[in-house]
1. What is the residue count in the stretch 42-52 for residues that are within 6 Å of the ligand (Cβ to nearest atom) and either assigned to a helix (DSSP H, G or I) or of a type in the set (Ser, Thr, Tyr) (or both)?
2. Which members of the stretch 550-576 meet the condition of being under 19 Å from TYR507 (Cα atoms) and either open to solvent by 50 Å² or more (accessible area, probe 1.4 Å) or not aliphatic (A, V, I, L, M) (or both)?
3. Identify, by number, the condition in (1) away from the ligand (no atom under 15 Å from the Cβ); (2) open to solvent by 40 Å² or more (accessible area, probe 1.4 Å); (3) modelled with pLDDT of 95 or more that PHE117 doesn't meet.
4. Checking the condition outside the structural domain of THR525 (by TED's automatic domain parsing), in contact with a helix residue (DSSP H, G or I) (Cβ under 8 Å, 6 or more places away or on another chain) and not basic (Lys, Arg), which residue from GLU76, GLU89, GLU83, GLU93 passes?
5. What number of residues in the stretch 410-421 are modelled with pLDDT under 95 and open to solvent by 30 Å² or more (accessible area, probe 1.4 Å)?
6. Please pick out the residue among LYS59, LYS100, LYS111, LYS96 that is open to solvent by 50 Å² or more (accessible area, probe 1.4 Å) and more than 24 Å from the chain's Cα centre (by Cα).
7. Among (1) open to solvent by 40 Å² or more (accessible area, probe 1.4 Å); (2) modelled with pLDDT of 95 or more, there is one condition ALA545 misses while meeting the rest; what is its number?
Amino acid sequence: MMIGKETGEKIKYDLIVIGAGPGGYEAAIKAAHLGKKVALVEKDMVGGACLNRGCIPTKALMHTTHLLEEMRSCGELGLDVKEVGVDFEAMHERKKDVVKQLRDGIAQLLKANKIDFFQGRAVIKSSGKVAVLQQEKLIPPSEEAETALDADTLNAVHSSSTHEEMLHADNILIATGSVPARPPIQGLELPGVVSSNEILEGEGRKFSHLAIIGGGVIGVELACVYAALGTEVTILEAAGQILPDMEKELSRSLAMSLKKKGIVIHTAAQVNRVEQVNQMEQIEQAEQVNQIESVASMHSSDYFIKAKSVECDKENIQKQLRRDEGNAQKKLQCNEENTQEQTKCDEKHFLNVAFEVKGKEMNLRADGVLVATGRKVNIAGILDCDSDGGSLIETDRDGIVTDENFQASAAGIYAVGDAVSGNIRLAHVASAQGIRAVCRMFGVDSGIDMNYVPACIYTSPELATVGLSLEQAKQKGLPAKESKFLMTANGKSVISRQGRSFIKVVYEEESHRILGAAMLCARATDMISEFALAAAKGLTLEDMASVIRPHPTYAEGITEAVEAGLGGAIHAAPTR
Ligand SMILES: Cc1cc2nc3c(=O)[nH]c(=O)nc-3n(C[C@H](O)[C@H](O)[C@H](O)COP(=O)(O)OP(=O)(O)OC[C@H]3O[C@@H](n4cnc5c(N)ncnc54)[C@H](O)[C@@H]3O)c2cc1C
């Protein structure tokens, strides 16, 4: 039994939370608000993946690069900015400051709420019993290396550790999150192959040519960051479209805007292997196909030229020429430091990414490969095996199995966030589940409706959805319709020079009840909450049209989109 830090009395907690990401720390604070005695165990840093190597660092970098893009084209606004440069180190320093400020804020909140914080790795020994192992006693040191170990090895590591503290509680909440997944592709262990962790933590990474395996949210957002910095970016997505879970129109529209930024996208692209190639080998290969090589080198092609795939290479070179034109402007604007970096990159070893599209193998040269193919649950070593060698709670390949109240298969053990099987892996989902699970354990109604989860992508334009698409509604047999407003007629969008953007509303045909919405426009990630509220509270098109939205704002587009379903948006030509 733990000895109270100040009183000297033994403490049995009402709740032990494992993991201080958004799922864990918010649950701990909520339990404290309910007057409960809470222990929070974290092996790394408070804020979890979201704050330290996920949502916040990506958006901090994206804030900078969006601004950079704005400044590059501000001549149209009557501004005379001679040169816009990038200080990569300063950009990452700023990101680190943002993360630190928020992390310090959470630490203060934990203290203010009298939550006992334990730094170390938690291992659940049995229902109600958690061992905390001091981190410095543990090997291996890195999260990546650690997740490569199986649970038995990790438990062995733990049991050899000398510093162990035992905590007791009526309830345990597991919120241990997820880590980057590495698909079984040959060569992903090579230097230069990174996950979002390496790109977002600490000093970041510089690349002149970045191949991104995976065109999901993380891949797409980081593609935008690097493209704005002058890196040549290619996305290789195995599915038929980027953002495979999004409806086609949204994915296609976003792909168009990424291509305008110079990002090359290959869909239905299966990566076969990544291999290291040094410059001498490149030259030897290129000499075999002199003619094409001379064209390619004139235009600094990304692609290796192989005699056996001349046809395919011709296509690639043409594509590259088009891409080079688009990138030329951007490159000119890169500061001197970037140019030096590019030269350094050209001198060092390159990676060759061999991928296949429609049965044709293609080769892509890059000095960096970002693996963004998803995340896997982080529960290795958290559960001590029972005396029969079985697990205390049920898990499957995707994570911890829970019921709708986030109760795991053993009494008094709950799980939330990325660690839960079948979950939507988003920070606000983890937070909402944590609060809901705590309310449930202490007999309070959280009032949180888990049915409407907004999903956001912070590209430019932003993309946000909630509820059902028209296709999903129809699949569910709902008599649904969709109304749409093109934001090209929205004053604020014209002022701020937005490109193609729109708002779509899905509603029930008879009742006009809001079923879902999709937005591809500026501030979509903020505005989607109006539709989340409307859908969760069963509001109708008429309800949404009944309030006055200020002018000029992007939010006026919401009024127009719902009015389009009620007989016509004011700023759209009448449909016959
Ligand atoms: C690049 C990137 C960008 C993202 N952008 C967004 C976004 O814009 N919006 C969004 O909603 N989501 C985003 N996400 C997803 C979001 O980060 C996760 O969904 C969210 O962090 C999950 O929260 P969690 O509390 O479940 O777990 P985590 O945030 O992963 O926290 C788990 C914590 O548990 C700790 N832990 C693990 N095991 C133990 C143990 N045995 N003992 C003690 N502590 C332990 C870990 O160290 C970690 O701190 C992004 C993710 C990435 C990678």
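1. Number of matching residues: 3.
2. Initial filter on the stretch 550-576 (under 19 Å from TYR507 (Cα atoms)): 555-569, 575.
Across the stretch 550-576, the qualifying residues are GLU556, GLY557, THR559, GLU560, GLU563, GLY565, LEU566, GLY567, GLY568, THR575.
3. (1)
4. Exactly one residue qualifies, and that residue is GLU83.
5. Number satisfying all stated conditions: 1.
6. LYS111
7. Against the list (1) open to solvent by 40 Å² or more (accessible area, probe 1.4 Å); (2) modelled with pLDDT of 95 or more, ALA545 comes up short only on (1).
Table: residues versus (1) within 24 Å of GLY374 (Cα to Cα); (2) assigned to a loop (DSSP other than H, G, I, E, B).
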| residue | (1), (2) |
| --- | --- |
| THR402 | yes, yes |
| ASN405 | no, yes |
| SER409 | no, yes |
| ARG425 | yes, yes |
| ALA430 | yes, no |
| GLN433 | yes, no |
| VAL444 | no, yes |
| GLY447 | no, yes |
| MET450 | yes, yes |
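The values are calculated or read from the model by the stated rules, or taken from the named source; none is laboratory data. Keep in mind it's a predicted model, so treat the numbers as computed, not measured. Reconstructed Cβ throughout: ideal geometry from the backbone, glycine too, with neighbour counts over all protein chains shown. Remember, those area values only see protein heavy atoms, side chains included, never the ligands or the DNA or RNA. Shrake-Rupley method; radii C 1.70, N 1.55, O 1.52, S 1.80 Å.
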